[in-house]
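The values are calculated or read from the model by the stated rules, or taken from the named source; none is laboratory data. Worth saying up front: this structure is predicted, and the values here are computed from it rather than measured. All Cβ positions, glycine included, derive from the backbone under ideal geometry; neighbour counts span all protein chains shown. The accessibility values were calculated without ligands, DNA or RNA, using every heavy atom of the protein model including side chains. Shrake-Rupley method; radii C 1.70, N 1.55, O 1.52, S 1.80 Å.
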Amino acid sequence: MTNSADEISLENCPTASGVPMLGLGTWQNTDAEACTESVRTALEMGYRHIDTAQAYDNEEAVGEGIARADVDREDVFLATKIWIDNLSGEDVLETARESLDRLGVDYVDLLYVHWPAREYDPEETLAAFDQLYDEGLIENVGVSNFLPEQLEEAAEILDAPILANQVELHPLLPQEELREACAAHDVEVVAYSPLARGEVFDRPEIGEVAEKHGVSEAQVSLAWLREKGVIAIPKATGEAHIRDNWESLALELDEEDVETIDAIDARERQVDPDFGPWN
Ligand SMILES: NC(=O)c1ccc[n+]([C@@H]2O[C@H](COP(=O)([O-])OP(=O)(O)OC[C@H]3O[C@@H](n4cnc5c(N)ncnc54)[C@H](OP(=O)(O)O)[C@@H]3O)[C@@H](O)[C@H]2O)c1
């Protein structure tokens, strides 16, 4: 059963360790005005979690969307990421401040190491993240695309707790082992590409569950992630997709649905650069 988005209040968006479990992704939302309007639309619909990154080249537009929305900045959980060229200690400190300037905020709720790659040096990079945390410029430290052993190493080095590991996760890449490793370290999992960049729409198993509930395939994928305790940040540009994804909060999958989706025998990665730690 679904409600219309207007009926879904913020209370219906569950949180995990204080992070709203449904957020808005913004990768490739690079037209400044479109990006600003996506963020404003999402916030005014009830979203309270926005995900960007230095590499997305849209931090200014995202900040403008937050400023334009009729929502207080303190009520928004804002996350950005330090790009792999900027992970020397000095560059982390300098470019994090530049990100805050572009976003027009004096702190972010979560700052991620975007990938453990190129200039990433665990001791040096993470010491700079600790410093930003101590200075109050970042409320939480996150990592992204970290394998279990890299997560363990980072947890040992950092003084600040690791709030989340952001990784690709969807019904075609369920990442069971990684989820277990995160749980063992009390680290939340944030699913990027939670719709497998559109690939979930073509899976008959997802279609079957969607048809049963009279909802979209996107909603099924997002409800499945929520059922797994995973935070999801689907990217959507226009109001229709933003609303469709928001309405996934009203979808409760039953045991049979979850079993049907769990049985999908796929391990398909959509984001797989050479510098991915698994390559
Ligand atoms: N940490 C990392 O390394 C990393 C890597 C990749 C992504 N991310 C983050 O995760 C976010 C999401 O991942 P993603 O952008 O790769 O892929 P995604 O969210 O799985 O898929 C986005 C695509 O699905 C479409 N879409 C969204 N909602 C829809 C709906 N309800 N019905 C039909 N189509 C829909 C979007 O179209 P429209 O845009 O036209 O609405 C877009 O083409 C990114 O934006 C970014 O914030 C992080």
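Reported count of residues in the stretch 46-75, each being part of a loop (DSSP other than H, G, I, E, B), of a type in the set (A, V, I, L, M, F, W, C) and away from the ligand (no atom under 15 Å from the Cβ), is 2. Look at Glu205 and say whether it is surrounded by fewer than 24 Cβ atoms within 10 Å (Cβ to Cβ), in contact (Cβ under 8 Å) with a residue 24 or more places away in the chain, over 25 Å from Leu43 (Cβ atoms) and within 14 Å of the ligand (Cβ to nearest atom). So Glu205 does not fit the description; no.
From the list Asp70, Asp121, which one is open to solvent by 40 Å² or more (accessible area, probe 1.4 Å) and closer than 18 Å to Gly23 by Cα?
Working: Asp121 fails: closer than 18 Å to Gly23 by Cα.
Testing whether each residue is open to solvent by 40 Å² or more (accessible area, probe 1.4 Å) and closer than 18 Å to Gly23 by Cα leaves just Asp70.
Looking across the stretch 94-133, the residues that are acidic (Asp, Glu) and assigned to a helix (DSSP H, G or I) come down to Glu94, Glu98, Asp101, Glu123, Glu124, Asp130. Restricting attention to the stretch 173-183, the residues that are over 17 Å from Ala154 (Cα atoms) and either surrounded by 23 or more Cβ atoms within 10 Å (Cβ to Cβ) or not aliphatic (A, V, I, L, M) (or both) total 4. Put simply, of Ala154, Ala117, Ala210, Ala164 the only residue that is within 16 Å of the ligand (Cβ to nearest atom) and closer than 25 Å to His241 by Cα is Ala210. Of all residues in the stretch 221-270, exactly one satisfies the criterion of being touching a residue at least 60 places away in the same chain (Cβ under 8 Å), of a type in the set (Val, Ile, Thr) and open to solvent by 20 Å² or more (accessible area, probe 1.4 Å), namely Thr237.
The set of residues from the stretch 186-201 being open to solvent by less than 70 Å² (accessible area, probe 1.4 Å) and either more than 15 Å from Ala154 (Cα to Cα) or not in a strand (DSSP E or B) (or both) comprises Val187, Val189, Val190, Ala191, Tyr192, Ser193, Pro194, Leu195, Ala196, Gly198, Val200. Take the residues of the stretch 246-260 that are out of contact with any helix residue (DSSP H, G or I) (no Cβ under 6 Å at 6 or more places or on another chain) and within 15 Å of Gly214 (Cα to Cα): which is nearest to the ligand (Cβ to nearest atom)? Applying the filter and picking the extreme gives Ala250.
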